[in-house]
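What follows is one structure encoded as structure tokens, with my remarks underneath.
The values are calculated or read from the model by the stated rules, or taken from the named source; none is laboratory data. Here the structure is a predicted model, which is why all the values come from computation and not from measurement. As a convention, Cβ positions derive from the backbone with ideal geometry for all residues, glycine included, and neighbour counts pool all protein chains shown. These area figures cover heavy atoms from the full protein model, side chains too; ligands, DNA and RNA do not enter into them. Shrake-Rupley method; radii C 1.70, N 1.55, O 1.52, S 1.80 Å.
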Amino acid sequence: MAESEPPSRYPPSEDDKEVKEALEVGAVNTVEDASQTGTFADEDNPFFVQNLVYSKEEEAKVIRILDTRLFPWILLTTFVLNMDRTNNSNAISDNLPEDLGFTINGVNTATAIYSVLFSIACLSGAVIAKMAGPARWIPVLMFSWGLVTLAHALISDNSGYIAVRSFIALTEGGVIPATLVYLGGFYKSTELATRLAWFWGVQNIASAVSGLMASGLLQLRGVGGLFGWKWLFIVDGIITLFVAVLTWFYLPRNAARTKGGIRGFKPWFDERQVLIAVTRVVRDDPAKKRYDSTVTWTDVKDSITDIGLWGHWAQASIGLTPTTPLGTYLPTVIKSFNFNVFVANALTAPPYILTCISSVAVIWHSDYARERGFHGAFSAGWQLVGWILLRSLPDGTSRGVKYFAACVVQSWPYSHPLNIAWMSENTGSVGKRTIASGAVIGFANIYGVWASQIYQASDSPNFKRGNIVNIAFAGTATILWLLQKTYYKRRNAQNARAWAAMSDAEREREEQEAEKKGNRSVTFKFTT
């Protein structure tokens, strides 16, 4: 290690000198001895074995079990989550506002209220998940919003619409930060970005499926005396309740408790694999030794005063602002291209599928290259080009070209999971990460307050004024990604200089306090 560089924040791996020396001096004879005697078990976590040695093949098998047994169910929960969000836009294209006696400006008001309440629920959701356990809190929230989704069939006016959207926000708001906390207990930080890309990518698949469902269910208008969009929410609510009940009996609380429920009579991991599953995550982030610890007031203050976190929060609120008008009115926009409502909803499927593909591809490459800032700027730039294209089209442009422009905008590589993964790996402690995760999801929804006002009834159907605003936000987001990268590179350079100026005693003390200081320690290496 170069004299001027601080040490890595990660404990030694199986190939490092410290582990080899531990075996050579007889601290432990075999991995099995360590597992049975607990020689290297940590008192904060009995399944963390400090000098546990395992092969890359063994770790790959543990990851494969997680990817085939745990992660697909997480994708199912987020699939159900986005069904409701997209069904709302599908219902709007089926004349929901007119049926209830108001205009799209009334929808905008409900969207703004939804965004505020959703953000509040996000801030509390991560903390409650830590106390109740995310494996329990996630299905409780799902069941709750399933009931509210069904309640859409009972509304008859603007007040009822605002009420159900408010309760949807309160019940859905906590599930994403709870899921982030949950996944952090099973995956290393370097493994999260690609999986979060799938997490949000599947939401786009859900939007595509929802559009196809809507093209059929909306034709039930008049059956049972109900509007077609009410049938859409009824079917969605039933699906959500069913999945919520199954989720309660499926999600394991941790890697050591995977037996029972509908998971099966045999645990997913044997005893050695449990140690590997826990130890590898703790080695990636020592703070996870106490992953079940609660959030403290110190964590809150540390998060609020961290300028780097504010950069990620700003990126979430500014970079995602243009997604609200198009996400809310995409079927309506496509319908304005002279398609009927059933075809318009079906045509939302291709761009949503393309979004999933582009998002996973870009974020996978970000993981592969271990680079974040340029990849995020590329995603924001894609969206910027799309908005410029959509805004610049003349009124007489053919509907095929207009649809292509809308596809370009909607198919941009969704950068939110990349932003979250980048923030998470640069946070440094579980408590602080819990606060940051809830906050970033909150900021990723509070923008709906102003974003909901971008498309106005007086600007329809082409929304030229609104698209100029979208161009401004997308351009700002591109710049913010580059500024965030510059900030982290500067912090790394400052840490290296501080480490070089320390005496041996100061360095030893800094290493001992590294876990406590988190990303404020000069030993911390920020991902750029």
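Quick look at the values:
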item	result
Residue ID - modelled with the lowest pLDDT, chosen from residues in segment 66-85 that are closer than 17 Å to G173 by Cβ and open to solvent by less than 30 Å² (accessible area, probe 1.4 Å)	D84
Test: A135 is closer than 29 Å to S424 by Cβ, modelled with pLDDT of 90 or more and open to solvent by less than 20 Å² (accessible area, probe 1.4 Å)	yes
Residue among A344, A316, A380, A361 that alone is aliphatic (A, V, I, L, M), surrounded by fewer than 23 Cβ atoms within 10 Å (Cβ to Cβ) and in a helix (DSSP H, G or I)	A361
Hey, L347 at pLDDT below 85, within 30 Å of L393 (Cβ to Cβ) and either aliphatic (A, V, I, L, M) or in the same structural domain as A214 (by the TED database) (or both) or not	no
Verdict on P331 being of a type outside the set (D, E), more than 11 Å from Q410 (Cα to Cα) and either surrounded by fewer than 17 Cβ atoms within 10 Å (Cβ to Cβ) or touching a residue at least 40 places away in the same chain (Cβ under 8 Å) (or both)	yes
Qualifying positions in segment 364-377 - touching a residue at least 40 places away in the same chain (Cβ under 8 Å), more than 16 Å from the chain's Cα centre (by Cα) and either surrounded by fewer than 20 Cβ atoms within 10 Å (Cβ to Cβ) or outside any helix (DSSP H, G or I) (or both)	R370, E371, F374
Residues (among the polar types (S, T, N, Q) and surrounded by 22 or more Cβ atoms within 10 Å (Cβ to Cβ)) located in segment 347-358	T348, T355
Filter result for T103 (crowded, with 23+ Cβ neighbours inside 10 Å and touching a helix residue (DSSP H, G or I) at 6+ places or on another chain (Cβ under 9 Å))	no
Test: residue in segment 301-318 that is of a type in the set (A, V, I, L, M, F, W, C), within 21 Å of Y447 (Cα to Cα) and without any contact (Cβ under 8 Å) to a residue 24 or more places away in the chain	yes
Residues of segment 424-434 that turn out to be crowded, with 24+ Cβ neighbours inside 10 Å and either under 14 Å from the mean Cα position of the chain (by Cα) or at pLDDT 80 or above (or both), as a count	4
Residue check for V300: at pLDDT below 85 and open to solvent by less than 10 Å² (accessible area, probe 1.4 Å)	no
Unique residue being closer than 30 Å to R136 by Cα and either open to solvent by 20 Å² or more (accessible area, probe 1.4 Å) or in a helix (DSSP H, G or I) (or both) when the list is L217, L241	L241
Residue that is in contact with a Lys or Arg (Cβ under 8 Å, 6 or more places away or on another chain), within 23 Å of F143 (Cα to Cα) and in contact (Cβ under 8 Å) with a residue 12 or more places away in the chain, where the choices are W268, W248	W248
Which numbered condition N495 fails, given (1) under 26 Å from the mean Cα position of the chain (by Cα); (2) surrounded by fewer than 24 Cβ atoms within 10 Å (Cβ to Cβ); (3) outside any loop (DSSP other than H, G, I, E, B)	(1)
Unmet criterion (only one of (1) open to solvent by 10 Å² or more (accessible area, probe 1.4 Å); (2) farther than 19 Å from E191 by Cα; (3) not in a helix (DSSP H, G or I)) for E98	(3)
First in segment 486-515 and acidic (D, E), second anywhere and surrounded by 16 or more Cβ atoms within 10 Å (Cβ to Cβ), Cβ under 7 Å, 6 or more apart	E510/S521; E510/V522; E510/T523; E511/T523; E513/S521; E515/P286; E515/A287
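Yes/no per residue for (1) surrounded by fewer than 20 Cβ atoms within 10 Å (Cβ to Cβ); (2) at pLDDT 85 or above; (3) out of contact with any strand residue (DSSP E or B) (no Cβ under 9 Å at 6 or more places or on another chain):
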site	(1), (2), (3)
I120	yes, no, yes
V140	yes, yes, yes
G146	no, yes, yes
L150	yes, yes, yes
A163	yes, yes, yes
A169	no, yes, yes
Y182	no, yes, yes
